[in-house]
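Quick notes on the structure that follows.
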Amino acid sequence: MFRKQHVTIIHDNNIHNKSYIDLVKRYHDIKLVDINSLCAEDFIRSLLIIVQVNLTDPKILTPLKEKMALPERQHIPVLFLLDKFNRRGVVQSNILGATDYIAYPCPDSNFIEIMADLVNHAVEKTWCKLSQIQEAALKVSLKVVETTFSNAAAGLEVAQDEVKDSCDLIIEATAKDGLNNWMNAIRQHHNYTYRHSMMVCGYLTSFGMLLGVKKADLQLLAMGGMMHDIGKAMTPLEILDKPAKLTATEWKVMKEHPKNCRLILNVENWDSDMIDIATHHHERLDGTGYPDGLKGAEVSDLARMTAIADMFSGLVDKRSYKPSMHAEKAIDIMMEAEGQLDIPLVKAFRSVVLSDENKVFTYQK
Ligand SMILES: [Fe+2]
Ligand SMILES: [Fe+2]
């Protein structure tokens, strides 16, 4: 007999803000279970699992871990609601198998959007379109980005070889199969900083190919793109992933990240061009940028290119407090930044991001 599917909500009686339940009910049947009565049967015919529990309570964590490992739970998307963003909550929910997480309470529209994406398997759909080499490049480089950021946050070594190898895969995949499908898959990743680092890496790789740079310079651009915001590993997560616009004080903390990039990469003896990319991607030609207030010719070509890829990625990507912007509109805005951005380079970049679908670029070996 046909049985309806439902959203399983795993909750904890000590958390009181559960107004999202009414939102879920608007679209789906629900099955509300507490952690102690949760069993394999609850996962069967589940469209989505939403977890809202106290992740610092060991009495909840141990049974939750066991139940999340059940075979019936595999392949079902899981959304964790965090009462606030902190590294512990994010790490914990990832260990437990989160497909995505969100700070809750949040605006209803954000909750509905994230729920719809998960129920519709938006992530899997974009991954299905990848060629074998694109999929390998994405899997390996996501892992490398995650590891480098968590190592940098913990003051551990950031392995240059791993970054270089994953960038070589990205270069190969972009040269063979273009950028579009790869970028669409990245855009579904739930962590903004990782997603943004990968997007800037992809844009700079294609940008370099379009400008006809040699393989060694392409590697520099790809690696520089991936690591350009590594200093954000030292920014508190409450600021980095705040689901709203930053206050003036929070902006001050956020603007420390290029200096922190320099600190991290200097200690590890990275190539000086890479340090330039990471330290100076927020400099502006009229001297209004940061951290060094460089002006005109003091801003290198690499820093100019990264500033463009960085700004474009920020405009077209969605955040919890702003929708994504169409690529054409983003380029129009950037064209108006005359005096700050290198406009001839913006014009060249335009054909990277507004090119025909799956345009393939080549590079000189
Ligand atoms: Fe940045
Ligand atoms: Fe950035």
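Test of understanding: among Glu268, Glu283, which residue is of a type in the set (D, E, K, R) and surrounded by fewer than 22 Cβ atoms within 10 Å (Cβ to Cβ)? Step through it out loud before you land on a result.
Numbers: Glu283 fails: surrounded by fewer than 22 Cβ atoms within 10 Å (Cβ to Cβ).
Exactly one residue qualifies, and that residue is Glu268.
Take Leu32 and decide whether it is open to solvent by 50 Å² or more (accessible area, probe 1.4 Å), in the same structural domain as Ser93 (by TED's automatic domain parsing) and touching a His at 6+ places or on another chain (Cβ under 7 Å).
yes
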Which of the residues belonging to the range 326-346 are more than 16 Å from ligand 2 (Cβ to nearest atom), open to solvent by 30 Å² or more (accessible area, probe 1.4 Å), of a type outside the set (A, V, I, L, M, F, W, C) and over 25 Å from the mean Cα position of the chain (by Cα)?
Glu336, Glu338, Gly339, Pro344
Got at least one residue in the range 246-253 being open to solvent by 30 Å² or more (accessible area, probe 1.4 Å), touching a residue at least 40 places away in the same chain (Cβ under 8 Å), in contact with an Asp or Glu (Cβ under 9 Å, 6 or more places away or on another chain) and in a helix (DSSP H, G or I)?
no
Which pairs turn up if I take residues in the range 297-325 that are open to solvent by 30 Å² or more (accessible area, probe 1.4 Å) and small (Gly, Ala, Ser) and look for partners that are in a helix (DSSP H, G or I) and within 11 Å of ligand 1 (Cβ to nearest atom) with beta carbon separation below 9 Å, at least 6 apart in sequence or on another chain?
Ser300/Ile277; Ser300/His280
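Conditions (1) hydrophobic (A, V, I, L, M, F, W, C); (2) in contact (Cβ under 8 Å) with a residue 12 or more places away in the chain; (3) outside any helix (DSSP H, G or I); (4) within 16 Å of ligand 2 (Cβ to nearest atom), marked per residue:
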{"residue": "Trp127", "(1), (2), (3), (4)": "yes, yes, no, no"}
{"residue": "Val158", "(1), (2), (3), (4)": "yes, yes, yes, no"}
{"residue": "Cys167", "(1), (2), (3), (4)": "yes, yes, no, no"}
{"residue": "Thr174", "(1), (2), (3), (4)": "no, yes, no, no"}
{"residue": "Leu204", "(1), (2), (3), (4)": "yes, yes, no, yes"}
{"residue": "Ala216", "(1), (2), (3), (4)": "yes, no, no, no"}
{"residue": "Leu220", "(1), (2), (3), (4)": "yes, yes, no, no"}
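Looking at the range 315-352 only, could you name the residues that are touching a Ser or Thr at 6+ places or on another chain (Cβ under 8 Å) and either outside any loop (DSSP other than H, G, I, E, B) or at pLDDT 95 or above (or both)? Quick ask: steps written out before the conclusion?
Within the range 315-352, the subset touching a Ser or Thr at 6+ places or on another chain (Cβ under 8 Å) is 316-318, 340, 352.
Those that are touching a Ser or Thr at 6+ places or on another chain (Cβ under 8 Å) and either outside any loop (DSSP other than H, G, I, E, B) or at pLDDT 95 or above (or both): Val316, Gln340, Val352.
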Considering only residues that are in a helix (DSSP H, G or I) and of a type in the set (Asp, Glu), look in the range 271-280 and name the one that is most open to solvent (accessible area, probe 1.4 Å).
Asp273
Can you report the number of residues in the range 254-285 which are under 23 Å from the mean Cα position of the chain (by Cα), more than 10 Å from ligand 1 (Cβ to nearest atom) and charged (D, E, K, R)?
5
Suppose we filter the range 161-186 for residues that are more than 15 Å from Val144 (Cα to Cα) and among the charged types (D, E, K, R); how many remain?
3
Residue under evaluation Glu162, criteria (1) over 24 Å from Asp229 (Cβ atoms); (2) open to solvent by 10 Å² or more (accessible area, probe 1.4 Å), criterion not met
(1)
Do the conditions hold for Pro71, that is, is it over 18 Å from Met198 (Cβ atoms) and either free of Cβ contacts under 8 Å to residues at least 24 places away in the same chain or open to solvent by 60 Å² or more (accessible area, probe 1.4 Å) (or both)?
yes
Which count do you get for residues in the range 227-258 that are more than 16 Å from ligand 2 (Cβ to nearest atom), of a type in the set (D, E, K, R) and over 21 Å from Arg88 (Cβ atoms)?
2
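Looking at Gly212, Gly224, Gly202, Gly178, which is the one that is small (Gly, Ala, Ser), within 14 Å of ligand 1 (Cβ to nearest atom) and either touching a Gly at 6+ places or on another chain (Cβ under 8 Å) or open to solvent by less than 40 Å² (accessible area, probe 1.4 Å) (or both)?
Criteria check complete, one pass: Gly224.
The values are calculated or read from the model by the stated rules, or taken from the named source; none is laboratory data. Keep in mind it's a predicted model, so treat the numbers as computed, not measured. Here Cβ is always computed from backbone atoms with ideal geometry, including for glycine, and neighbour counts include all displayed protein chains. Please note that ligands, DNA and RNA were not included when accessible areas were found on the heavy atoms of the full protein model with its side chains. Shrake-Rupley method; radii C 1.70, N 1.55, O 1.52, S 1.80 Å.
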